[in-house]
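Read the figures in this text as sums done on the coordinates, not as results from a lab. Note that the structure is a prediction, hence the values are computed from the model and not measured. When we count neighbours, we look across all protein chains shown, and the Cβ atoms used for this are built from the backbone with ideal geometry, even at glycine.
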Amino acid sequence: MVQIDKRCLARERDVPTANYPSLKDRVVIITGGGQALGRTYAHEFAAQGAIPVIAELSAESGERVVKEIEQKGGRALSVQTDVSSEADAKAMAEAALSAYGRIDCLINNAAVFSQITIAPFWELPVEEWQSAMRVNIDGAFFCSRAVVPAMQEGKWGRIINVASTTVPTGRPNYLHYITSKSAMIGMTRSMARELGEWNITVHLFMPGAVETEVERPSVSGAMFETLAKQQAIQRPATMDEYAGFMLFLCSDDAEFTTGQTFAANGGIAFP
């Protein structure tokens, strides 16, 4: 039996994982930034001197993260956003431009997952299939379209599409979620080809399972323990470990890489 070290569970760090001076004053839009991994990303970018824009469906959650960051001396902005709405995506970009005059990075992190039905695909409600596509893939498309003009004008940008390790592992009973996240592979590669001439890079990040503060009927504590047994590194991940990838990919250190898939999953799969 794998013994889970509680020190390895999801936590918020008081200091960033590494130092990336090039992130200072960068405007970073994080969809779904009001909770879980998105919240952690926001805190880590703020610790680097960047300005997170929290694009969050829940206005209350977004404002809470802004207050947390401001209490630590950072800067942040919350914009209530339904990423499945093209109008909301455009308003999100306009709010960031109005406040800061630029958009440097976009992390397409928002997703439908926590409350989804776990069942064989022939039993899935059609409405849930459509919801997964609207949020997980349409949302990334709408938000990317909304920010690209500002990045093209500045001749610099970073877009990170967040998928999932469920894509290479092909877990059963998650077909709606996995299909929507699989579509991001092709989206990322095509976007990278189309945007390279403006020095805009695009990557796909596949995080593994991680415990967060959000209650998720779609996963359980027993599932985390089972997954840990299957990993080469047999312990749970922490949210800040995933945030380190975001910092690197949005920094100048990642200037000459684009269209790539990065996975952090403890070795449960090798995409």
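How tilted is helix 221-230 with respect to the longest principal axis of the chain? Cα atoms for both, answer in degrees (0 to 90, nearest 10).
So the inclination is approximately 90 degrees.
If the cut-off is 18 Å between C-alpha atoms, which lysines fall inside it for residue 229, apart from same-chain ones fewer than 8 positions away?
Here the lysines satisfying the reach criterion relative to residue 229 are 6.
When the helix-only estimate is applied to the chain (DSSP H runs of n ≥ 4, each -39,500 (n - 2.57), divided by the residue count), what is the mean residue ellipticity at 222 nm, nearest 500 deg cm²/dmol?
Counting only the DSSP helices, I get -12500 deg cm²/dmol.
Just to confirm the number: angle between the C-alpha axis of helix 36-47 and the first principal axis of the chain, 0 to 90 degrees, nearest 10?
40
Would you list 85, 164 from fewest to most Cβ contacts within 10 Å?
Ranking 85, 164 by Cβ neighbours within 10 Å, fewest first, gives 85, 164.
Tabulate in residue order the Karplus-calculated ³J(HN,Hα) for region 152-165, using 6.51 cos²θ - 1.76 cosθ + 1.60 with θ = phi - 60°, rounded to whole Hz; enter x for Gly and Pro.
So the J values, rounded to whole Hz, are 5, 5, x, 6, 6, x, 9, 10, 10, 8, 9, 9, 6, 5.
Relative to the present Cα-Cα distance, how much length would full extension add between residue 98 and residue 18 at 0.36 nm per residue of separation?
The residue 98-residue 18 span can extend by a further 25.8 nm.
Choose one answer from 59, 89, 209: the residue with the largest mean-square fluctuation in a GNM of the chain with alpha-carbon springs under 10 Å.
59
Under 1.5 on a/c is rounded, so check that first for region 49-204, then, if it is not, pick prolate when a/b is larger than b/c and oblate when it is not; a ≥ b ≥ c are the square roots of the alpha carbon gyration tensor eigenvalues.
Working: a/c = 2.13, a/b = 1.40, b/c = 1.51.
Because a/c hits 1.5 or more and a/b fails to exceed b/c, region 49-204 counts as oblate.
Could you tell me how many degrees, from 0 to 90 and to the nearest 10, lie between the Cα long axis of helix 175-195 and the main elongation axis, the longest principal axis, of the Cα atoms of the chain?
Around 30 degrees separate the two axes.
Select from 244, 234, 261 the residue farthest towards the positive end of the dipole of the chain; place +1 on Cβ of Lys and Arg, -1 on Cβ of Asp and Glu, and compute about the Cα centre.
Towards the positive end, the residue furthest out is 234.
Students often get this wrong, so check it: of 24/90; 24/72; 24/67; 67/155, which have C-alpha atoms separated by over 27 Å? Mind dumping the intermediate values first?
Working: 24/90 25 Å; 24/72 16 Å; 24/67 19 Å; 67/155 32 Å.
Result: 67/155 exceed 27 Å.
Please work out the Cα center distance from region 20-58 to region 230-266, rounded to the nearest Å.
16
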